[in-house]
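The structure appears right after this line, and notes come after that.
The values are calculated or read from the model by the stated rules, or taken from the named source; none is laboratory data. Nothing here was measured: the structure is a model prediction, and the numbers come from that model. Heads up, the Cβs are rebuilt from the backbone with ideal geometry, glycines too, and the neighbour counts pull from every protein chain shown. Side chains are part of the model used for accessible areas, which takes the heavy atoms of the whole protein and leaves out ligands, DNA and RNA. Shrake-Rupley method; radii C 1.70, N 1.55, O 1.52, S 1.80 Å.
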Amino acid sequence: SSDLAGSNPHSLAISSDSSYLWESLYGSNSVQRFLLPGLTKDISFQVPLDLYGRTQQAVSMQAAPVSPHTLALVAGNAGGGAGGDGVYVYDDATVRPISEPGYEAGGPEFDWIQWGKDDSTIYATQTVSEGGSGIWPLQVNASGVSWNKTGGGLTAALIDYNKQNGLAYSRDANAGAVYDPVLETQVGQFD
């Protein structure tokens, strides 16, 4: 089946139990969830405004690896300018109270995220910041997401995290590198 997605659809994320499909809609600055397998529209929510009250889009988003109702996203300006402006965790359409502030609020410029082995860690990358890129672990709990200002010793960005072996595979300018994001070491190379 098919359904009208909405205005300027972008990223997709599927829930851990394959019951939901999340879609970022750049045209309406929102996220829409569909029930699977029928692609029936379910809940939707607006992406948070930036520090100055301007609209943002979900420039990166990932469904949690355990809870099918949990989604993490990076809010940012998809049209250019500063990179990621905050990392948020949602349960259904409700944002958790604590978020990691973004670039314009004096925080990091995370613009890509991927969950770790479970719902307690998100790996974020800083691909555009003046401080250089890196893989940064963020802690997640029932209150939200936070960064304890550690990590980032790796220079990879736009990673794919393999939860079976705990390794991150770079697919950016450092293409072909394999990293252990916990030990912050490069452990291999691939073509």
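Summary table
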quantity: Segment 100-111: number of residues that are surrounded by 22 or more Cβ atoms within 10 Å (Cβ to Cβ) and either polar (S, T, N, Q) or not in a loop (DSSP other than H, G, I, E, B) (or both); calculated: 2
quantity: Top-ranked residue in segment 130-157 [being open to solvent by 60 Å² or more (accessible area, probe 1.4 Å) and closer than 25 Å to THR70 by Cα; ranked as modelled with the lowest pLDDT]; calculated: THR150
quantity: Unique residue being surrounded by fewer than 16 Cβ atoms within 10 Å (Cβ to Cβ) and within 30 Å of TYR179 (Cα to Cα) when the list is VAL66, VAL74; calculated: VAL66
quantity: Residue check for LEU36: without any contact (Cβ under 8 Å) to a residue 40 or more places away in the chain and either of a type in the set (A, V, I, L, M, F, W, C) or open to solvent by 30 Å² or more (accessible area, probe 1.4 Å) (or both); calculated: yes
quantity: Of all residues making up segment 161-191, the number that are among the polar types (S, T, N, Q) and either open to solvent by 80 Å² or more (accessible area, probe 1.4 Å) or at pLDDT below 80 (or both); calculated: 5
quantity: Test: residue in segment 1-17 that is exposed (fewer than 15 other Cβ atoms within 10 Å of the Cβ), touching a Gly at 6+ places or on another chain (Cβ under 9 Å) and charged (D, E, K, R); calculated: yes
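Yes/no matrix, rows are residues, columns are (1) over 15 Å from SER15 (Cβ atoms); (2) free of Cβ contacts under 8 Å to residues at least 24 places away in the same chain; (3) aromatic (Phe, Trp, Tyr):
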| position | (1), (2), (3) |
| --- | --- |
| GLN32 | no, no, no |
| GLN46 | yes, yes, no |
| LEU51 | yes, no, no |
| PRO65 | no, no, no |
| LEU71 | no, no, no |
